[in-house]
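Derivation of every value follows stated rules applied to the coordinates shown; laboratory data play no part. For clarity, every value in this text was computed on a predicted model and none was experimentally measured. We place every Cβ from the backbone using ideal geometry, glycine too, and count neighbours over all the protein chains shown.
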Amino acid sequence: MNETTRTMSITDAAPRLSELVAGMSPNEESSLTVEGKTVAKIVRRHIGHRRLGGACKGMLTIIKEDDEHLADFKVYM
């Protein structure tokens, strides 16, 4: 069992589930129980920023015009 595991009844957790998850640290676990037996676990995972295509558009400086190599960068320009 993870050192940062919190245990609570599913009945107590249900009305404040979004608050419970928002207050968890990455990799922290919460065990949800029914009649004292674990029936589910919530594990907060770190989710990085989603990278979008074209995010670096305009950040490339072309020092020498060279049509042969510029073709490789056409999508970014």
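Restricting the search to segment 10-26, which residues are within 14 Å of K41 (Cα to Cα) and among the small types (G, A, S)?
A13, A14 - these are the residues of segment 10-26 that are within 14 Å of K41 (Cα to Cα) and among the small types (G, A, S).
Can you tell me how many residues in segment 31-43 are in contact with a helix residue (DSSP H, G or I) (Cβ under 6 Å, 6 or more places away or on another chain) and either surrounded by 13 or more Cβ atoms within 10 Å (Cβ to Cβ) or part of a loop (DSSP other than H, G, I, E, B) (or both)?
Number of matching residues: 1.
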